[in-house]
Amino acid sequence: MPTAFHFAKARSILSVTRGFIAQAGFTHSLTPARNCTYGCSYCYVPTLGFYGGLKPADWQHWGEFTTFKSNAAPLLFNAIRGSEVIYCSPLVDPYQPAEKEGCLMPGILDALAQNPPSVFAIQTRGPLILRDMRRLQNLAKRTTLRVSFSITTNRDHIRRKYEPHCATIEERFDTVRQLRLAGIETFATLAPLLPCDPELLIQTAVAATETGIIADPLHIRDAKKHGATTRATALRISERHGFLEWHDAKFQAGIVERMRIAAEDAGRYFAIGAKAFSLLSQRKETQETTCNLRNC
Ligand code: SF4
């Protein structure tokens, strides 16, 4: 697995959101590294090019290396004013394989615990997040902390075709369960939807979580004229294995409807797109804010 990594100093660490993430209610995004060593075949990020703050080497060699922002933690500590609703991250998985050695997230979580924002949502598919459990629990006492854990299919042979460097589906659901049992509010985020058994995937997500279900089909140019979209690598895999309908808007709508019915039959809220991701951005009272309000 390619896990080459570099360190470089960043000038700033929080970006004001726009587009999809802003529509979901986030005011800022935090991206701890440039380029992601998961290298998923469908990843939208390299299709952004310069607009994602990437260098040409990043989108030309997506997934082959990453560049950590070495000063992320002190920059973050100084940047936070307390009202920020932060999504981490639209451009990289903070628990990508290289994070095991790069080890940036512990410092970031400590900085957040010392100077907490209003909401902090972690988007990941990395079981490595369990390494930082004590820090996550500490942060959850100080702010609204949510983990949105990406699971793309219930079929592991499909996972191996489209995202071979990611953990197995079983390990990902197990990680969701461990986070939930440790008291971390954790969502199963079924996105982007790869070929799957829609009802089975929903049933497994319902069993592993206590929250609403977030989902999103693969982005397609027909439905989204501008901005990030599915990488050509995934299209070639779909073509080779007879899965091109998973890139068709009408077919996707049928799958989403089947998932909505299955989720609602199980008593769970289900949504797609920015409406679904807005489940992650709502502030709730934490132990410490409640305590402060009661003056204890
Ligand atoms: S984990 Fe996310 S950011 Fe990383 S390559 Fe996969 S889709 Fe892209």
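The table that follows gives values for the structure above.
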{"item": "Relative contact order, percent, region 1-90 [alpha-carbon distance under 8 Å, six or more residues apart]", "result": "46"}
{"item": "Relative contact order of region 4-293, defined on C-alpha pairs under 8 angstrom at six or more residues apart (%)", "result": "20"}
{"item": "Net lengthening on full extension, Lys250/His61 (0.36 nm per residue, minus Cα-Cα)", "result": "64.8 nm"}
{"item": "Cβ-placed point charges (K, R +1; D, E -1), dipole of region 171-296 about Cα centre in debye, nearest 20", "result": "440"}
{"item": "Global form of region 1-46, assessed from the alpha-carbon gyration tensor, a/c cut-off 1.5", "result": "oblate"}
{"item": "Relative contact order for region 176-253, counting Cα pairs under 8 Å that sit 6 or more residues apart, in percent", "result": "28"}
{"item": "Euclidean distance of C-alpha centroids, region 1-48 and region 133-187, integer Å", "result": "18"}
{"item": "Estimated Rh, region 172-296: Kirkwood, alpha-carbon pairs, angstrom", "result": "16.4"}
{"item": "Gain in span if fully extended, Glu210 to Lys224, counting 0.36 nm per residue against the direct Cα distance", "result": "1.9 nm"}
{"item": "Over 24 Å between alpha carbons, listed pairs Lys224/Lys250; Lys225/Lys284; Lys9/Lys100; Lys69/Lys100; Lys9/Lys284; Lys225/Lys250", "result": "Lys225/Lys284; Lys9/Lys284"}
{"item": "Cα gyration tensor of region 54-104 - equivalent ellipsoid semi-axes, whole Å, descending", "result": "24, 13, 11"}
{"item": "Peptides ranked, highest mean first, by Cβ atoms within 10 Å: ranges 248-260, 99-111", "result": "99-111, 248-260"}
{"item": "Full-extension gain in nm, Glu264 to Leu181, via 0.36 nm per residue minus C-alpha separation", "result": "27.5 nm"}
{"item": "Total formal charge among the other residues, if their Cβ is under 9 angstrom from that of Asp93, Lys/Arg +1 and Asp/Glu -1", "result": "0"}
{"item": "Dimensions in Å of region 4-293 - Rg and Dmax from alpha carbons", "result": "18.1, 59"}
{"item": "DSSP bridge pairs, region 4-293: antiparallel proportion in percent, nearest 5", "result": "15"}
{"item": "Kirkwood hydrodynamic radius (C-alpha pairs) into Stokes-Einstein, region 1-135, 4 °C and 1.567 mPa s, D in µm²/s", "result": "87"}
{"item": "Sum of side-chain charges, Tyr269 neighbourhood, beta-carbon under 12 Å (Lys, Arg +1; Asp, Glu -1)", "result": "+1"}
{"item": "Shape category assigned to region 139-191 from the gyration tensor of Cα positions, a/c cut at 1.5", "result": "prolate"}
{"item": "Among Thr152, Phe251, Pro116 the positive-end extreme of the charge dipole of the chain (Cβ point charges)", "result": "Pro116"}
{"item": "Neighbour net charge for Leu235 - beta-carbon separation under 13 angstrom, K R +1, D E -1", "result": "+1"}
{"item": "GNM flexibility winner over the chain from Pro192, Pro74, Pro97 (Cα, springs under 10 Å)", "result": "Pro74"}
{"item": "Test item: Cα-centred dipole of region 4-293, Lys/Arg +1 and Asp/Glu -1 on Cβ, debye", "result": "680"}
{"item": "Residue among Leu75, Pro46, Leu181 farthest towards the positive dipole end of region 4-293, charges placed on Cβ", "result": "Leu75"}
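Throughout, read-outs are computed from the coordinates displayed, never taken from laboratory work. Just so we're clear, the structure is a prediction, and the values are computed from it rather than from any experiment. Glycine also receives a Cβ, built like all others from the backbone with ideal geometry; neighbour counts cover every protein chain displayed.
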